[in-house]
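Please read the structure below before turning to the comments.
A short reminder: the numbers here are calculations on the coordinates, not readings from a lab. Bear in mind the structure is a predicted one, so any value in this text is a computation, not a measurement. Positions of Cβ are backbone-derived with ideal geometry, glycine not excepted, and every protein chain shown enters the neighbour counts.
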């Protein structure tokens, strides 16, 4: 008998705050999911609810085959619990030397995490989060504070996920990893757009580059820069 | 209570009355029951309980080392209740208005602004503490005594960084000394009644009640 596939099901989950509300239904199976939406649409609230850190106003969330989960919050300083970079790595249960060498911050071992630049701290935070495998990995705005090079590296790292559910909540439009399924929040409701490339036709937040490539008769297969390049190559023959 | 001038003056007077004598503390407690929305306390119940526990600890030490612990506990608990009422009723900008109303556009503005910044820092520290606890939960860490030291240092570091940002912002905007503000206050009849009652309680607290009873024995 094999290991059960991980899945998380949102059953009429809702969050209500003053005049703002969010409702979500759907099942996230194994693979990489993208949840897009405008700033303030409720992506972070949904991420917190899926992580079990924010109680929904209504509905329920069912989890199957999920024993380990992780939520990465949008601002890396929100995760800081130690007074040194080495201590911060240790608080994630990872080897500081290994992590800091990998991200080129070996010289900052004894520095305070809060004295680092936002970009450096984000790199440190993501390296610690992605050092382990989780059945459910929720990444809220993982691309914020990163330059293009780091965004590409992050996409590659996410693409290496061989198992589990990875949900990316972002309004990033240019550099994204290849995804299994696309979702978006429109008018306070989570909408399942489907799998790429078919999802592009009814995806409100479709990146402009996809619209342009589709108009030129070269619809990309997915949303990563490699897919865009492959589509451009098709135009050029 | 709508008028912040009466609210702050009443809180000061009542705190003094409660600290000065046990019968004063009892009268202040009655005032608290009559004039404050006590249910608001439920929102800050964790803070109230932890403060009362801290007072209980010091009261016990005082009682064991020379007596007077029970009286200290009662008086300080009543002061905490008054403090929580004042804190929960506080609105942004009130200290600035009171500062200007009391001492004018220069020194008053400065004092009011410092008080406003203090209140803002307090709110930020509370939010930071909640954020650290959430981060520890995400990391699977247990909230324990030894995690208090790094948490405290992170809180201090964040507060200092915010203060530096605020100072830079004021300098960039050309702030030098004082400012212009026309404070407006709304006073309800109930505010005046509560304020006058607070003054009466202070006078009552000053009366040496025990000697008064001895006189009639």
Per-residue average of other protein chain Cβ atoms inside 10 Å, peptide A:70-79 -> 3
Show me the ranking of peptides A:195-201, B:156-162 by mean Cβ neighbours inside 10 Å, starting with the highest. A:195-201, B:156-162
Distance (nanometres) between label positions extended 7 Å along Cα→Cβ at residue A:132 and residue B:60: 3.7 nm
Quick note on A:25, A:91, ordering by fewest other C-beta atoms within 10 Å, gives A:25, A:91
Can you tell me the relative contact order of segment B:4-212? Whole percent, Cα pairs under 8 Å, sequence separation 6 or more. 34 percent
For peptide A:88-94, the mean count of other chain Cβ atoms within 10 Å per residue Cβ is 2
Estimated FRET transfer efficiency when R0 is 41 angstrom, pair residue B:70-residue A:189 (beta carbons, to 0.05): 0.10
Sorted by Cβ density within 10 Å, fewest first, the residues A:204, A:33, A:79: A:204, A:33, A:79
Using Cβ counts within 10 Å as a stand-in for footprinting exposure, how do A:183, B:85 rank, fewest first? B:85, A:183
Chain B shape via C-alpha gyration tensor axes, a/c threshold 1.5: oblate
